[in-house]
Ligand SMILES: *Cc1c(COP(=O)(O)O)cnc(C)c1O
């Protein structure tokens with residue numbers, strides 16, 4: 001616990017210090033050996049991590065790249081997405097999902113999300129597909145798997161590739177299959193705050209398709225298919241050996257960390273169920289990995305302020321849907337076009353969530369949220385309660 005004084009407990013939104021403390025020496029040993037050999041790019045450390053991450057996800061190939069954004073970009077480019085193509089994705093996600101589409105030269109086309117999971121709404125997918133649609137990018141947002149059965153059925157019927165954005169969903173499952181193994185390819189991020197994070201930037205593309213994996217390997221290395229042979233224009237998007245070595249140390253702990261997140265989520269769900277908050281769901285047959293625990297409340301900003309006053313950190317993921325971002329704004333999709341996404345953006349508030357959030361700390365957050373809500377009710381002139 002972060003005890004500041006006798007009876008004041010501070011709960012940050014996320015805490016990476018306690019997570020790394022038990023691993024610092026092991027990572028440092030790996031790094032020392034790489035430093036002594038000056039093996040920074042490629043080599044055994046990269047290969048070893050790629051092999052173990054592919055096994056973890058349950059696919060044939062994992063290609064380590066410089067970030068989750070480049071993982072998306074390279075996976076899309078490897079499926080052939082380029083100028084003149086459209087790529088369908090959700091209006092409610094991190095900006096990079098659509099940014100990667102644009103960097104391939106393709107045009108992002110948005111669809112609305114489900115009210116309960118904030119993931120791509122398959123009922124609205126077909127209307128977004130047209131003759132130029134090259135790929136569909138469902139996002140396993142907050143760690144809850146997207147409705148892949150329905151998405152894949154529609155994609156297959158139209159002969160369109162699916163590239164999963166699994167940046168928030170390392171270890172999530174539908175049945176016994178992991179996210180990252182459903183699409184033609186998937187993109188993971190190892191940004192430090194993700195469920196599996198590097199000690200800096202990192203990402204990976206996973207796939208069962210050997211040819212696609214080969215294209216991604218070339219694209220991350222300037223499009224080189226053999227020394228000095230640049231078959232197409234690629235990127236410098238390799239992941240260095242130091243990051244891969246750190247990720248190999250951390251990967252064996254991922255399931256335990258996800259279990260710890262799930263325990264904290266259970267405390268939140270049990271403690272907040274009778275309040276006016278709309279709580280996140282975990283659908284039957286699915287393993288949610290709780291990258292984020294996002295509640296909804298019509299007075300989200302007020303709730304965040306009340307919690308800040310009680311030393312509880314919160315976050316916004318994400319306050320502006322992509323169709324209303326200046327970079328993607330277009331007269332054809334004004335406010336109101338994707339109402340469910342807009343509601344998530346307007347009302348969503350992320351409560352503290354990280355593996356070190358034990359049941360006592362989560363219980364303390366529950367108490368503080370309840371106290372904040374009580375205060376807000378009392379301040380309302382015509383308090384109706386729930
Ligand atoms: C983090 C994230 C990305 C981008 O990953 P980076 O490693 O930060 O480039 C893409 N999509 C989603 C949904 C993310 O959360």
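The values are calculated or read from the model by the stated rules, or taken from the named source; none is laboratory data. Note that the coordinates shown come from a computational prediction; the quantities given were computed from them, not determined experimentally. No Cβ is skipped: glycine too gets one built from the backbone with ideal geometry, and neighbour counts run over all protein chains shown.
Please enumerate the residues belonging to region 100-121 that are closer than 18 Å to residue 169 by Cβ and within 16 Å of the ligand (Cβ to nearest atom). Of everything in region 100-121, those that are closer than 18 Å to residue 169 by Cβ and within 16 Å of the ligand (Cβ to nearest atom) turn out to be 100, 113, 114, 117, 118, 119, 120.
For (1) touching a strand residue (DSSP E or B) at 6+ places or on another chain (Cβ under 8 Å); (2) under 30 Å from residue 259 (Cα atoms), each residue gets a yes or a no:
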| position | (1), (2) |
| --- | --- |
| 164 | yes, yes |
| 174 | yes, yes |
| 178 | no, yes |
| 183 | yes, yes |
| 206 | yes, yes |
| 224 | yes, no |
| 227 | no, no |
| 232 | no, no |
| 235 | no, no |
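Can you find a residue in region 19-26 that is within 19 Å of the chain's Cα centre (by Cα) and at pLDDT 95 or above? Explain how you work it out, then say what you get.
The first filter runs over region 19-26 and keeps only residues within 19 Å of the chain's Cα centre (by Cα), leaving 19.
Restricting the remaining residues to those that are at pLDDT 95 or above gives 19.
Yes.
The single residue among 93, 89, 97, 69 that is within 30 Å of residue 366 (Cα to Cα) and within 16 Å of the ligand (Cβ to nearest atom) turns out to be 93.
So if I check each of 143, 183, 175, 159, which one is away from the ligand (no atom under 11 Å from the Cβ), crowded, with 21+ Cβ neighbours inside 10 Å and either modelled with pLDDT of 95 or more or more than 19 Å from the chain's Cα centre (by Cα) (or both)?
Numbers: 143 fails: away from the ligand (no atom under 11 Å from the Cβ); 175 fails: crowded, with 21+ Cβ neighbours inside 10 Å; 159 fails: crowded, with 21+ Cβ neighbours inside 10 Å.
Criteria check complete, one pass: 183.
Residues that are touching a residue at least 12 places away in the same chain (Cβ under 8 Å), under 26 Å from residue 169 (Cα atoms), crowded, with 16+ Cβ neighbours inside 10 Å and within 16 Å of the ligand (Cβ to nearest atom) occur at least once in region 36-54.
Within region 279-313, the set of residues being buried (at least 17 other Cβ atoms within 10 Å of the Cβ) and within 20 Å of residue 377 (Cα to Cα) comprises 295, 296, 297, 300, 303, 304, 306, 307, 310, 312. Residue check: is residue 69 touching a strand residue (DSSP E or B) at 6+ places or on another chain (Cβ under 9 Å) and at pLDDT below 95? Spelling it out, it is not the case that residue 69 is touching a strand residue (DSSP E or B) at 6+ places or on another chain (Cβ under 9 Å) and at pLDDT below 95. For region 125-143, the condition holds for at least one residue, the condition being that it is in a helix (DSSP H, G or I) and over 26 Å from residue 330 (Cα atoms). Checked against the criterion of being under 17 Å from residue 54 (Cα atoms) and in a loop (DSSP other than H, G, I, E, B), the candidates 169, 146 yield just one match: 169. Screening the candidates 345, 362, 372 for the property of being closer than 17 Å to residue 90 by Cβ and either exposed (fewer than 14 other Cβ atoms within 10 Å of the Cβ) or touching a residue at least 60 places away in the same chain (Cβ under 8 Å) (or both) yields one hit, 345.
Could you grab me the full set of residues in region 287-308 that are more than 16 Å from the ligand (Cβ to nearest atom) and not in a loop (DSSP other than H, G, I, E, B)? Show your work before the answer.
In the first step, residues of region 287-308 are kept if they are more than 16 Å from the ligand (Cβ to nearest atom); the result is 287, 295-308.
If the condition is that a residue be more than 16 Å from the ligand (Cβ to nearest atom) and not in a loop (DSSP other than H, G, I, E, B), then 287, 295, 296, 300, 301, 302, 303, 304, 305, 306, 307, 308 are the ones that fit.
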